[in-house]
1. Using heavy-atom solvent-accessible surface (probe 1.4 Å) with all chains present, what is the largest-first order of B:20, A:203?
2. Counting only Cα, what are the radius of gyration and maximum Cα-Cα distance Dmax of segment B:131-218, in Å?
3. Where Rh is the Kirkwood radius over the Cα pairs of segment B:217-292, the temperature 20 °C and the viscosity 1.002 mPa s, what D in µm²/s does Stokes-Einstein return?
4. Around residue B:160, with a cut-off of 15 angstrom between Cβ atoms, what is the net charge of the other residues, counting Lys and Arg +1 and Asp and Glu -1?
5. Hey, quick one: spin label on residue A:90, modelled 7 Å out along Cα-Cβ, who in segment A:100-117 has an amide N within reach, i.e. under 19 Å?
6. On the full set of protein chains, 1.4 Å probe, figure out the accessible area of residue A:116 and give it in Å² to the nearest 10.
7. For chain A, what is the mean residue ellipticity at 222 nm derived from helices alone (per DSSP H run of n ≥ 4: -39500 (n - 2.57); sum divided by total residues; nearest 500 deg cm²/dmol)?
8. For segment B:252-272 and segment A:175-221, what is the centre-to-centre distance using only Cα atoms, to the nearest Å?
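The values are calculated or read from the model by the stated rules, or taken from the named source; none is laboratory data. As the structure is a prediction and not an experimental result, all values here were calculated from the model. Counting neighbours? That spans all protein chains shown, and the Cβs are built from the backbone with ideal geometry, glycine included. To get the accessible areas, we keep the full protein, side chains included, count just its heavy atoms, and leave off ligands, DNA and RNA. Shrake-Rupley method; radii C 1.70, N 1.55, O 1.52, S 1.80 Å.
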Amino acid sequence: MSLLLPGMHVAGGTPLHRLDPRVKMGASLLLMVLPFVAPSLPSNLLLAGFVVALAILSAVPLMALVRTLRVVVWTGIFMFVFRLFTTPGTPLLTVGGISVTLQGLGAGAVQIYRLCLLVVVSSLLTYTTSPAQLAHGVEAVLEPLARLGLPVREFAMVLTIALRFVPTLFEEIEKIVKAQEARGALIRTGPLWKRVPGWVPVFVPLFVSAFRRAEDLATAMEARGFRSAHQRTHLYRLHLTRHDLAASLLILALGAVILFVEWRMG
Amino acid sequence: MSKKQALGNQALESQGARPFIELRALTHAYALEGGGEVRALQGIDLTIERGEFVALVGPNGSGKSTLVRHLNGLLLPTSGQVWVDGLLTAHPSSLWKIRERVGMVFQNPENQFVASTVEEDVAFGPENLGLPPDELRRRVDDALKLVGLTEYATHPPHMLSGGQKQRTAIAGALATRPACIILDEPTSMLDPLGRRRTLETLRSLNQDQGITILLVTQSMDEATAAERMLVMVRGRVVSDGTPAEVFGQGQRLREWGLGLPSALEIADRLRERGLNLPAGLLTVEQLASALC
Ligand SMILES: Nc1ncnc2c1ncn2[C@@H]1O[C@H](COP(=O)(O)OP(=O)(O)OP(=O)(O)O)[C@@H](O)[C@H]1O
Ligand SMILES: [Mg+2]
């Protein structure tokens, strides 16, 4: 496995794998939002430490995590540079009227930290939760909206199928890229301005085959008695265990401590 | 009496006494976009009994896929009738019962895998029936055992071989506890080992579980595994008999554009070289025992 993308979950027996998907989704959301409401250094050291502990607990392969982080490297650099030049404050260096500020350096670093946290937390979620569990969790969380007549179950079904085809599409991209490279196309090597047009002959066959797949899949689903998402039942039943309760309390405690720290620091 | 009532009564009378699948003067025409039509099935009368193992062969475009898609109501007759277990496919309310009793497996192992693990995929059919989780669990475990994939229950599709994916699809069909499974060229995208395993699975389902099998195939060697063989050419069933009877028709096979099973071909060549072999050696096993 090269990247930690949704749908590339690996079954495992760690405590994180066994948690209820609703608890994991709630916790992930909290961990991603906290750095925005709690800007101080001590809170964020605590938060980062907690996330590192989770990563260790999940037994996620470090290399895969690093490769996943590399995907957002350009976004990160862009955000950093943007902050560096646009944050007002004490100038460190001025080039042609635009100055790099001390505050900008700090703000840029904070951006990168938030981005990394976002990627790591969402990677941990998809690494430890099967797509079916994710979709099932989404469905359970959104259940109240179903009562208002929104198509929540259909949405969960679509999500399940989309997640199921993520690895398939990546395999297919890999195959097409290799085929095009064998004919001399520059896709993964060479200068950027030459690589971009190289991707066109990758996406065209990809779309063609995706439509073929969708058609086959629809026929197979119909043959297996699919009518609507409504009278369907689920192989898995979600139920909260003591384990889930403890995890929820822990994450709420973390949130409380961080808010307390923020309050004390003013 | 309304037409609907008449059909209902007919269904009641027929149960049990009638064959499991019955086609009466079935035709199918596909409408073409620019006007006109393709007459893919041109009047087919056919019965299949419970517990049979039938192979369906024929050249490309002869109408095999069209025919089998009528057997679970994926397609509906242009004219004629399709009866399955005493139910008429053209009856909208029968459709779900028919699909519960007739499972279907398609050619591409990747594109019929609905869920993200083996066990969830196998559960898809019975989930559509609205069964409770305990019953789903039981059916999934039973079906996986029958195809020999119990250890792969939590594997995602991208970690399975093509043959394992096809057996997952067979388990998925089994999970609704059907009387019949129809497979449309299930082995054409598999490697030799995958083919062999899939065929062995089908044979044991037929022999040990009494499940009716209809296997569409391009491989004459696979067709010899069946007890009955149908040949389709240009929308018609042109031959119906045991594999020995069908392959005994020499010249006509060539007209239909069909090959011979490899054992038969080897036996023919050996005879040309002067070896004295009995006629009707269809499988490699038969050939081997005749030679030794
Ligand atoms: N959706 C469709 N629209 C129009 N024509 C079709 C359609 N599907 C099949 N046909 C035509 O109907 C005829 C029978 O096709 P069918 O797919 O049933 O043959 P087949 O025996 O399964 O062939 P193959 O061995 O290639 O799978 C062919 O002439 C085909 O071109
Ligand atoms: Mg076909």
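1. Details: B:20 0, A:203 85 Å².
Result of the area sort, largest leading: A:203, B:20.
2. Just the Cα atoms of segment B:131-218 yield Rg and Dmax of 12.8, 40 Å.
3. Values: Rh = 13.0 Å.
D, rounded to a whole number, is 165 µm²/s.
4. On the way: positive: A:164, B:165, B:167, B:197; negative: A:171, B:110, B:119, B:120, B:121, B:151, B:191.
Charge balance near residue B:160 sits at -3.
5. Label zone hits: A:100-110.
6. 50 Å²
7. Numbers: 11 runs with 192 residues, N = 266.
So the calculated ellipticity at 222 nm is -24500 deg cm²/dmol.
8. Answer, in whole Å: 42.
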